[in-house]
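First the structure, in the form of structure tokens, and then the observations on it.
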Amino acid sequence: MTNSVSTLPAWKHLGRLAQSVASISECAEDAVRNDRLTLHAAGIDADLRKQRLSNEVIDGLLDLAREVSLEDRRNALLRGDHVNTSEDRPAMHTALRTPAGAGLPEFEPHVQAALAAMSELAQKLSAGELRGATNRAITNVVHIGIGGSQLGPELAVRALPGTGRFNIQFVANIDGHAISTALANCDPERTAIIVVSKSFSTLETLRNAEAARAWFLERGFTIADIARHFFAISANVQEAARFGIPAENVFPMWDWVGGRYSVWSAVGLPIALACGPKAFADMLAGAHQMDQHFAQAPLAENLPILAALTGIWNSNFLGANNHAVLAYDERLALLPLYLQQLETESNGKSVRLDGQPVDVQTMPILWGGVGTTGQHAYHQLLHQGTRAFSADFIIAASPDHPLSDHHRWLQANALAQSQAMMIGDDQPQAEKRVPGNHPTTTLVLERLDAYHLGALLALYEHKVFCQGVIWGINSFDQWGVELGKRLAGPIYQQLGGTAALNQDASTQHLISRLRASQTNG
Ligand code: F6P
């Protein structure tokens, strides 16, 4: 597609429909429409009936999908075409979860070899077969990585039941509190450090890895001992080696998997360690099942496609400039952050594939939290604020604790919130009025286990891809993050007093202010 999506007949038609579309409650009186909005894929039941979608709008959205050749583009993604055009690469995260024997020959051997090596390491560390330099079993794992090299594994480790074999900590931030707190909890004889960085050049990860190495060496260990305690997951084996991690301790990442799509690779090592290799395999299986659905389900029944189209409708036509992920599951506390990175780093773009500026809005702001605690904080804004928004509710049908009454209350609250967002409350007193008519989707997972978590994350990955296709942007690069990285270098020098100040007035003032404290302290 070279022209903007806004020139397409379906887009224009949707624009006209948006002027007069019925309220959600009115739309929901139509049984045929309700059936069309009840979808099922890979163990996830999706209820889109609380969306502001009439039959006509659904038809218009499906026409839009056809007009952007969404199915052809999906096929191109899945067969390994170079869909990441600015970096001239495929985006083959789906290859990471394709079972042995069913994958593309170009990718499968790499994937299977890495999976086998990673499972072997997890097994040997767990069994105490692989020990530290002083022959003590490893019990602590410090995972050092940021963004896509951290959020996925940390989300899964927090969400899924652990074996209790390891104390796993995640360190992402350059804020020294993070690494020093993590290391303070560790006995170096029993600690493995996993440095995860696709590029092995990310500031935060390198500084934290260096701090961990210094901490290790200061405690009487030698450079040779690093091989018994430090592991890396990276596409840059050379840099990892320069750091001191031998090639046999480096597990691969590849340039054909984006960082934010990499939880399915060796980046997921902490999941295999914390929850066991089977849990990691189950996660891959759930994601693969969603891939199969995405690849094969007809357009109108295809959950990732419907989720993407619904998001386009809400943000581009109904004016929802923000999307809330409301996970009614304490274990999914990191899900909004994970999706924030996945969706906003992928689709927070303003230039089309043909280099022209977009003339439609792209990714809305994504935020969220867990219910019910959010109800006592920002739900006030959702019910009575002035902003249009959309939301996803996520619920597990069955809990993994014995407090069934708690779970029923949790579910009752999730359903009550989405209902309130739909129907509102027409109180006579203006201050008490709740307008409602806010579009939401509810995703029900039978359980929050590894399989369903895998399916859920894959669902969002495919949604992101489809929205990128519709907006005509590249979902797989992230050039926008580079500027801040470039600017930080000179400011760092100036904060240290080793370079002359030549900044804008505000930055210059702040540098001086912070330097004054350094001098005084
Ligand atoms: O700054 C953004 C980013 O490039 C993400 O896309 C990536 O997941 C993260 O940094 C970490 O990158 P790396 O794995 O190369 O350290």
Note to self: with every protein chain in place and a 1.4 Å probe, the chain gives an accessible area per residue in Å² of 43
Charge-dipole axis of the chain as Lys and Arg at +1 and Asp and Glu at -1 on Cβ define it, positive-most pick from T191, P99, L77: T191
Quick check on packing: order 273-286, 414-427 by the mean number of other C-beta atoms within 10 Å, highest mean leading. 273-286, 414-427
Roughly speaking, what is the centre-to-centre gap between region 455-521 and region 323-349 when only Cα atoms are used, to the nearest Å? 20
Quick one: if you stick a label point 7 Å off each Cα along the C-beta vector at K278 and S69, how many nm between them? 4.6
Set the Förster radius R0 to 25 Å, insert the Cβ-Cβ distance between N135 and A184 as r into 1/(1 + (r/R0)^6), and round the FRET efficiency to 0.05. 0.55
Going by average Cβ neighbours within 10 Å, how do the peptides 91-101, 464-474 rank, with the highest at the top? 464-474, 91-101
Tabulate in residue order the Karplus-calculated ³J(HN,Hα) for region 328-335, using 6.51 cos²θ - 1.76 cosθ + 1.60 with θ = phi - 60°, rounded to whole Hz; enter x for Gly and Pro. 8, 6, 4, 5, 9, 4, 8, 4
So which GluC sites (Glu not before Pro) in region 1-94 are both in a DSSP loop and have at most 14 other Cβ atoms within 10 Å of their Cβ? E29
Estimated distance in nm for a label pair at A300 and N502, the labels positioned 7 Å out from Cα along Cα-to-Cβ: 6.4
Taking the Cα centre as origin and putting +1 on Lys and Arg beta-carbons and -1 on Asp and Glu beta-carbons, what dipole magnitude results for region 67-121, to the nearest 20 debye? 140
Relative contact order for the chain using alpha-carbon pairs under 8 Å, separation at least 6, rounded to a whole percent? 19
Which whole-Hz ³J(HN,Hα) couplings does region 262-268 yield from phi under the Karplus relation 6.51 cos²θ - 1.76 cosθ + 1.60, θ = phi - 60°, glycine and proline marked x? 9, 4, 7, 9, 4, 4, x
Roughly what percent of Cα-Cα pairs across region 446-521 reach past 16 Å? 69
Kirkwood Rh in Å, taken over all unlike Cα pairs in region 205-345: 18.7
For the chain, what is the convex hull (Cα atoms) projected area averaged across all directions, in square nanometres? 27.9
For D354 and E482, what is the calculated FRET efficiency with R₀ set at 22 Å and r taken between the beta-carbons, to the nearest 0.05? 0.55
q = 0.16, 0.20, 0.21 Å⁻¹: log10 I(q)/I(0) that the Debye formula gives for region 62-183, counting C-alpha atoms only: -1.03, -1.21, -1.25
Net charge near A137, counting Lys/Arg +1 and Asp/Glu -1 over other residues with Cβ under 15 Å of its Cβ? +3
What whole-number distance in Å separates the alpha-carbon centres of region 219-297 and region 47-89? 30
Average Cα contact separation per residue, region 259-339, under 8 Å, 6 or more apart, as relative contact order %: 11
Heavy-atom accessible surface of the chain: percent carbon and sulfur, 1.4 Å: 53
Cα-based shape type of region 101-248, given that a ≥ b ≥ c are square roots of the gyration tensor eigenvalues and the cut on a/c is 1.5: rounded
In this structure, the FRET efficiency calculated for Y492 and S199 from their beta-carbon separation, with R0 = 22 Å, to the nearest 0.05, is 0.70
Acute angle (nearest 10 degrees) that the helix 203-217 long axis makes with the longest principal axis of the chain, alpha-carbon atoms: 30
For every helix of n ≥ 4 consecutive DSSP H residues, a contribution of -39,500 (n - 2.57) applies; sum these over the chain, divide by its total residues, and give [θ] at 222 nm rounded to the nearest 500 deg cm²/dmol. -13500 deg cm²/dmol
Just to confirm a number: summing +1 for Lys and Arg and -1 for Asp and Glu over residues other than A396 whose beta-carbon lies under 11 angstrom from that of A396, what do you get? -3
Hey, what's the Cα Rg ratio for region 231-290 versus the globular rule of thumb, 2.2 N^0.38 Å? 1.23
Could you give the nm distance between label points at N173 and A31, where each point is 7 Å from its Cα heading toward the beta carbon? 5.5
For the chain, take the longest principal axis of its alpha carbons; what is the angle in degrees between that and the long axis of helix 9-20, to the nearest 10 within 0 to 90? 70
Contact order normalised by length for region 227-270, with contacts defined as Cα pairs under 8 Å and 6 or more residues apart; what percent is it? 36
Shape call for region 105-164, from the Cα gyration tensor axes a ≥ b ≥ c (a/c under 1.5 means rounded, otherwise prolate when a/b beats b/c, else oblate), comes out oblate
Angle, helix 450-471 long axis vs. longest principal axis of the chain, Cα atoms, 0 to 90°, nearest 10? 70
Cβ charges +1 (Lys, Arg) and -1 (Asp, Glu), total dipole of the chain, debye: 1040
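The values are calculated or read from the model by the stated rules, or taken from the named source; none is laboratory data. No experiment lies behind these values; they were computed from the predicted model shown. As a convention, Cβ positions derive from the backbone with ideal geometry for all residues, glycine included, and neighbour counts pool all protein chains shown. All accessible areas refer to the heavy atoms of the entire protein, side chains included, with ligands and DNA or RNA removed. Shrake-Rupley method; radii C 1.70, N 1.55, O 1.52, S 1.80 Å.
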